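Inspection log for the structure reproduced underneath, given as C-alpha coordinates.
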Amino acid sequence: MAIALPAGAEILPDPDALARAAADRLIAVCAAAPAERIAVCLSGGSTPKRLYERLAGPDYVGRVPWGRVHWFFGDDRVVPWDDARSNVRMVREAFGHGAPVPATHLHLIPSDAGAETGAAAYARALLDFYGADRLDPGRPLFDLVLLGLGEDGHTASLFPGKPALAAEALAAPVPEAGLAPHVPRITLTFPALASSALVLFLVAGAGKRDALRRLSAGEDLPAGRVTSLGRVVWMVDAAAADA
Ligand code: 6PG
(Lines give C-alpha, C1' and ligand atoms only; values in the text may rest on other atoms or scores of the structure.)
Protein backbone atom coordinates (compact mmCIF):
# COMPACT_ATOMS: atom_id res chain seq x y z
CA MET A 1 0.00 0.00 0.00
CA ALA A 2 1.41 3.40 -0.94
CA ILE A 3 3.10 5.08 2.00
CA ALA A 4 2.57 8.65 3.09
CA LEU A 5 5.23 10.82 1.46
CA PRO A 6 6.57 14.28 2.21
CA ALA A 7 4.23 16.95 0.86
CA GLY A 8 4.55 17.54 -2.88
CA ALA A 9 6.60 14.40 -3.48
CA GLU A 10 6.86 13.18 -7.07
CA ILE A 11 6.62 9.45 -7.68
CA LEU A 12 8.50 8.08 -10.70
CA PRO A 13 7.96 4.53 -11.99
CA ASP A 14 11.56 3.35 -11.72
CA PRO A 15 15.17 4.50 -11.05
CA ASP A 16 15.79 5.39 -14.68
CA ALA A 17 12.66 7.55 -14.87
CA LEU A 18 13.80 9.16 -11.61
CA ALA A 19 17.20 9.92 -13.14
CA ARG A 20 15.61 11.39 -16.28
CA ALA A 21 13.18 13.54 -14.29
CA ALA A 22 16.02 14.83 -12.13
CA ALA A 23 18.10 15.55 -15.23
CA ASP A 24 15.22 17.53 -16.70
CA ARG A 25 15.00 19.57 -13.51
CA LEU A 26 18.74 20.22 -13.53
CA ILE A 27 18.52 21.46 -17.12
CA ALA A 28 15.65 23.77 -16.10
CA VAL A 29 17.66 25.08 -13.12
CA CYS A 30 20.57 25.86 -15.43
CA ALA A 31 18.29 27.63 -17.91
CA ALA A 32 16.83 29.80 -15.14
CA ALA A 33 20.07 30.43 -13.24
CA PRO A 34 20.51 34.20 -12.78
CA ALA A 35 24.30 34.27 -12.69
CA GLU A 36 26.88 33.23 -15.26
CA ARG A 37 28.26 30.58 -12.89
CA ILE A 38 25.85 27.86 -11.78
CA ALA A 39 26.56 26.00 -8.54
CA VAL A 40 25.28 22.43 -8.19
CA CYS A 41 25.90 20.39 -5.04
CA LEU A 42 26.18 16.69 -5.84
CA SER A 43 24.92 13.89 -3.64
CA GLY A 44 27.05 10.85 -2.96
CA GLY A 45 25.86 7.28 -2.64
CA SER A 46 24.57 4.98 -5.37
CA THR A 47 21.18 6.49 -6.25
CA PRO A 48 22.36 9.62 -8.06
CA LYS A 49 25.01 7.77 -10.15
CA ARG A 50 22.37 6.99 -12.76
CA LEU A 51 21.56 10.71 -13.01
CA TYR A 52 25.20 11.66 -13.47
CA GLU A 53 25.59 8.98 -16.15
CA ARG A 54 22.51 10.33 -17.91
CA LEU A 55 23.84 13.89 -17.88
CA ALA A 56 27.00 12.65 -19.61
CA GLY A 57 24.98 10.56 -22.06
CA PRO A 58 23.71 11.42 -25.55
CA ASP A 59 20.24 12.56 -24.42
CA TYR A 60 21.52 15.27 -22.07
CA VAL A 61 25.19 16.04 -22.66
CA GLY A 62 24.33 18.67 -25.26
CA ARG A 63 21.83 20.38 -22.98
CA VAL A 64 24.01 20.97 -19.91
CA PRO A 65 25.89 24.30 -20.00
CA TRP A 66 29.12 22.59 -18.86
CA GLY A 67 31.14 25.78 -19.19
CA ARG A 68 28.93 27.52 -16.61
CA VAL A 69 28.25 24.75 -14.09
CA HIS A 70 30.45 24.29 -11.01
CA TRP A 71 30.01 20.96 -9.23
CA PHE A 72 30.41 20.71 -5.47
CA PHE A 73 30.00 17.73 -3.11
CA GLY A 74 27.47 17.45 -0.30
CA ASP A 75 29.83 15.12 1.48
CA ASP A 76 32.64 12.69 0.99
CA ARG A 77 34.30 9.87 2.78
CA VAL A 78 37.80 10.55 4.14
CA VAL A 79 39.50 8.12 1.78
CA PRO A 80 41.73 8.66 -1.28
CA TRP A 81 39.81 9.98 -4.25
CA ASP A 82 40.52 6.78 -6.18
CA ASP A 83 39.15 4.62 -3.36
CA ALA A 84 35.98 2.67 -4.26
CA ARG A 85 34.21 4.40 -1.34
CA SER A 86 35.00 7.92 -2.55
CA ASN A 87 32.14 10.02 -3.88
CA VAL A 88 34.68 11.78 -6.10
CA ARG A 89 35.50 8.46 -7.75
CA MET A 90 31.77 7.69 -8.17
CA VAL A 91 31.11 11.04 -9.84
CA ARG A 92 34.20 10.85 -12.06
CA GLU A 93 33.22 7.34 -13.19
CA ALA A 94 29.61 8.40 -13.83
CA PHE A 95 30.56 11.51 -15.81
CA GLY A 96 33.21 9.46 -17.54
CA HIS A 97 34.67 10.84 -20.72
CA GLY A 98 31.28 12.04 -21.93
CA ALA A 99 30.89 15.03 -19.64
CA PRO A 100 33.20 17.92 -20.59
CA VAL A 101 33.71 19.13 -17.02
CA PRO A 102 36.55 21.66 -16.83
CA ALA A 103 38.96 20.50 -14.10
CA THR A 104 38.50 23.79 -12.24
CA HIS A 105 34.75 23.24 -12.15
CA LEU A 106 34.81 20.04 -10.08
CA HIS A 107 35.32 21.23 -6.52
CA LEU A 108 36.57 18.22 -4.58
CA ILE A 109 36.40 18.04 -0.81
CA PRO A 110 40.06 17.94 0.35
CA SER A 111 39.60 14.70 2.26
CA ASP A 112 43.31 13.93 1.99
CA ALA A 113 43.97 16.48 4.73
CA GLY A 114 41.82 14.64 7.27
CA ALA A 115 38.28 15.38 8.42
CA GLU A 116 38.89 18.46 10.57
CA THR A 117 41.31 20.22 8.21
CA GLY A 118 39.37 19.20 5.13
CA ALA A 119 36.08 20.50 6.49
CA ALA A 120 37.58 23.89 7.33
CA ALA A 121 39.25 24.10 3.93
CA TYR A 122 36.05 23.23 2.09
CA ALA A 123 34.00 25.74 4.07
CA ARG A 124 36.57 28.37 3.03
CA ALA A 125 36.45 27.23 -0.60
CA LEU A 126 32.65 27.53 -0.62
CA LEU A 127 32.81 31.11 0.66
CA ASP A 128 35.60 31.98 -1.77
CA PHE A 129 33.41 30.77 -4.62
CA TYR A 130 30.44 32.65 -3.16
CA GLY A 131 32.54 35.82 -2.89
CA ALA A 132 31.80 36.79 0.70
CA ASP A 133 32.75 35.89 4.25
CA ARG A 134 29.22 34.86 5.17
CA LEU A 135 26.09 33.72 3.35
CA ASP A 136 23.44 36.28 2.50
CA PRO A 137 19.90 34.98 3.12
CA GLY A 138 18.80 36.70 -0.07
CA ARG A 139 21.43 35.09 -2.31
CA PRO A 140 21.76 31.29 -2.35
CA LEU A 141 25.16 29.65 -2.61
CA PHE A 142 23.74 26.77 -4.65
CA ASP A 143 21.35 26.90 -7.56
CA LEU A 144 20.64 23.23 -6.92
CA VAL A 145 21.39 20.78 -4.11
CA LEU A 146 20.99 17.06 -4.79
CA LEU A 147 20.56 14.83 -1.75
CA GLY A 148 19.89 11.19 -0.96
CA LEU A 149 18.19 9.50 1.97
CA GLY A 150 19.84 6.90 4.13
CA GLU A 151 17.84 4.05 5.67
CA ASP A 152 18.39 5.70 9.06
CA GLY A 153 17.09 9.05 7.80
CA HIS A 154 20.51 10.63 7.29
CA THR A 155 21.39 12.79 4.33
CA ALA A 156 24.81 13.82 3.10
CA SER A 157 26.82 12.66 6.11
CA LEU A 158 24.44 14.23 8.60
CA PHE A 159 23.64 11.19 10.74
CA PRO A 160 21.10 11.00 13.58
CA GLY A 161 22.51 12.06 16.93
CA LYS A 162 25.87 13.19 15.63
CA PRO A 163 27.50 16.57 16.45
CA ALA A 164 27.61 17.70 12.82
CA LEU A 165 23.83 18.25 13.04
CA ALA A 166 24.51 21.31 15.18
CA ALA A 167 27.47 22.65 13.20
CA GLU A 168 27.23 26.31 12.17
CA ALA A 169 30.20 26.22 9.80
CA LEU A 170 29.42 25.36 6.18
CA ALA A 171 31.23 22.03 6.39
CA ALA A 172 31.91 19.74 9.33
CA PRO A 173 34.01 16.70 10.15
CA VAL A 174 32.19 13.46 10.93
CA PRO A 175 34.66 11.29 12.85
CA GLU A 176 32.18 8.41 13.17
CA ALA A 177 29.72 7.66 10.39
CA GLY A 178 26.35 6.35 11.50
CA LEU A 179 26.19 3.83 8.65
CA ALA A 180 28.63 2.01 6.39
CA PRO A 181 31.10 2.82 5.07
CA HIS A 182 32.39 3.31 8.58
CA VAL A 183 35.11 5.78 7.72
CA PRO A 184 35.33 9.41 8.79
CA ARG A 185 33.41 11.81 6.58
CA ILE A 186 33.29 15.49 5.71
CA THR A 187 29.80 16.87 5.23
CA LEU A 188 28.09 20.06 4.29
CA THR A 189 25.93 21.27 7.14
CA PHE A 190 22.32 22.43 7.34
CA PRO A 191 23.27 26.13 6.91
CA ALA A 192 25.15 25.28 3.72
CA LEU A 193 22.40 23.09 2.27
CA ALA A 194 19.79 25.71 3.15
CA SER A 195 21.60 28.29 1.04
CA SER A 196 20.00 26.91 -2.08
CA ALA A 197 17.41 27.87 -4.66
CA LEU A 198 16.21 24.26 -4.93
CA VAL A 199 16.85 21.00 -3.08
CA LEU A 200 16.03 17.70 -4.79
CA PHE A 201 15.97 14.51 -2.73
CA LEU A 202 16.43 11.47 -4.98
CA VAL A 203 15.13 8.31 -3.29
CA ALA A 204 14.89 4.87 -4.87
CA GLY A 205 14.29 1.33 -3.67
CA ALA A 206 12.13 -0.47 -1.14
CA GLY A 207 14.90 -0.12 1.43
CA LYS A 208 13.97 3.55 1.86
CA ARG A 209 10.30 2.98 2.70
CA ASP A 210 10.82 2.93 6.43
CA ALA A 211 12.81 6.16 6.46
CA LEU A 212 10.15 7.80 4.29
CA ARG A 213 7.40 6.56 6.60
CA ARG A 214 9.25 7.91 9.65
CA LEU A 215 9.79 11.27 7.96
CA SER A 216 6.15 11.51 6.91
CA ALA A 217 5.09 10.65 10.44
CA GLY A 218 7.00 13.73 11.59
CA GLU A 219 9.93 11.98 13.24
CA ASP A 220 12.89 14.34 13.66
CA LEU A 221 15.41 12.80 11.24
CA PRO A 222 18.30 14.70 9.66
CA ALA A 223 16.83 14.57 6.14
CA GLY A 224 13.69 16.21 7.51
CA ARG A 225 15.69 19.15 8.84
CA VAL A 226 16.92 20.21 5.39
CA THR A 227 15.51 23.56 4.30
CA SER A 228 15.99 25.77 1.25
CA LEU A 229 15.64 29.42 0.31
CA GLY A 230 13.47 28.00 -2.44
CA ARG A 231 11.82 24.57 -2.50
CA VAL A 232 12.63 21.11 -1.16
CA VAL A 233 11.27 18.53 -3.63
CA TRP A 234 11.19 14.78 -2.97
CA MET A 235 11.55 12.59 -6.07
CA VAL A 236 10.80 9.00 -5.14
CA ASP A 237 10.57 5.87 -7.26
CA ALA A 238 7.59 3.53 -7.01
CA ALA A 239 9.57 0.92 -5.10
CA ALA A 240 10.44 3.39 -2.34
CA ALA A 241 6.92 4.80 -2.32
CA ASP A 242 5.48 1.29 -2.28
CA ALA A 243 3.14 2.64 -4.96
C1 6PG B 1 26.89 9.27 0.83
C2 6PG B 1 25.66 10.13 0.63
C3 6PG B 1 24.56 9.62 1.49
C4 6PG B 1 23.60 8.90 0.56
C5 6PG B 1 22.61 8.07 1.33
C6 6PG B 1 21.80 7.21 0.35
O7 6PG B 1 28.00 9.81 0.78
O8 6PG B 1 26.71 8.06 0.97
O9 6PG B 1 25.89 11.44 0.78
O10 6PG B 1 23.85 10.61 2.20
O11 6PG B 1 22.91 9.86 -0.22
O12 6PG B 1 23.33 7.23 2.21
O13 6PG B 1 22.70 6.40 -0.33
P14 6PG B 1 22.23 5.46 -1.56
O15 6PG B 1 21.83 6.39 -2.66
O16 6PG B 1 23.46 4.65 -1.89
O17 6PG B 1 21.08 4.63 -1.03
query: Would a scan of the range 52-73 turn up a residue that is at negative phi, of a type outside the set (A, V, I, L, M, F, W, C) and in contact (Cβ under 8 Å) with a residue 60 or more places away in the chain?
result: no
- prompt: Within the range 166-185, can one find any residue that is part of a helix (DSSP H, G or I) and away from the ligand (no atom under 11 Å from the Cβ)?
  reply: yes
statement: Going through (1) crowded, with 20+ Cβ neighbours inside 10 Å; (2) outside any loop (DSSP other than H, G, I, E, B); (3) not aromatic (Phe, Trp, Tyr) one by one, Gly150 fails only at (2)
- prompt: Any residue in the range 1-23 that is in a loop (DSSP other than H, G, I, E, B) and in contact with a Gly (Cβ under 9 Å, 6 or more places away or on another chain)?
  reply: yes
message: Looking at the range 199-226, I want the residues that are within 22 Å of Leu51 (Cβ to Cβ) and have a partner that is of a type in the set (S, T, N, Q) and surrounded by 14 or more Cβ atoms within 10 Å (Cβ to Cβ) with Cβ atoms under 6 Å, at least 6 apart or on another chain. Which pairs are those?
response: Val199/Ser228; Leu202/Thr47; Ala204/Thr47; Pro222/Thr155; Ala223/Thr155
Filter pass, Leu144 being in contact with a Leu (Cβ under 8 Å, 6 or more places away or on another chain), open to solvent by less than 10 Å² (accessible area, probe 1.4 Å), more than 13 Å from the ligand (Cβ to nearest atom) and modelled with pLDDT of 95 or more: yes
query: How about the range 186-200: which of its residues are assigned to a helix (DSSP H, G or I) and either acidic (Asp, Glu) or away from the ligand (no atom under 12 Å from the Cβ) (or both)?
result: Phe190, Pro191, Ala192, Ala194
query: Under 6 Å by Cβ, and 6 or more places apart or on different chains, what pairs join a residue from the range 145-169 that is in contact (Cβ under 8 Å) with a residue 12 or more places away in the chain with one that is more than 9 Å from the ligand (Cβ to nearest atom) and among the hydroxyl-bearing types (Ser, Thr, Tyr)?
result: Val145/Ser196; Ala167/Thr189
statement: Contact list, first residue from the range 89-109 and under 21 Å from Val79 (Cα atoms), second anywhere and open to solvent by 20 Å² or more (accessible area, probe 1.4 Å) and acidic (Asp, Glu), beta-carbon distance below 6 Å, six or more apart or interchain, is Arg89/Asp82; Ala94/Glu53
- prompt: From Ala39, Ala123, which residue is within 18 Å of the chain's Cα centre (by Cα), more than 21 Å from Ala21 (Cα to Cα), of a type outside the set (Lys, Arg) and away from the ligand (no atom under 16 Å from the Cβ)?
  reply: Ala123
field: Candidates Arg124, Arg185, filtered to the one that is open to solvent by 30 Å² or more (accessible area, probe 1.4 Å) and of a type outside the set (A, V, I, L, M, F, W, C)
entry: Arg124
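The values are calculated or read from the model by the stated rules, or taken from the named source; none is laboratory data. Given the structure is predicted, the values throughout are model-derived calculations rather than measurements. Please note: Cβ atoms are built from the backbone with ideal geometry, for glycine as well, and neighbour counts cover all protein chains shown. Accessible surface areas use protein heavy atoms only, side chains included; no ligands, DNA or RNA. Shrake-Rupley method; radii C 1.70, N 1.55, O 1.52, S 1.80 Å.
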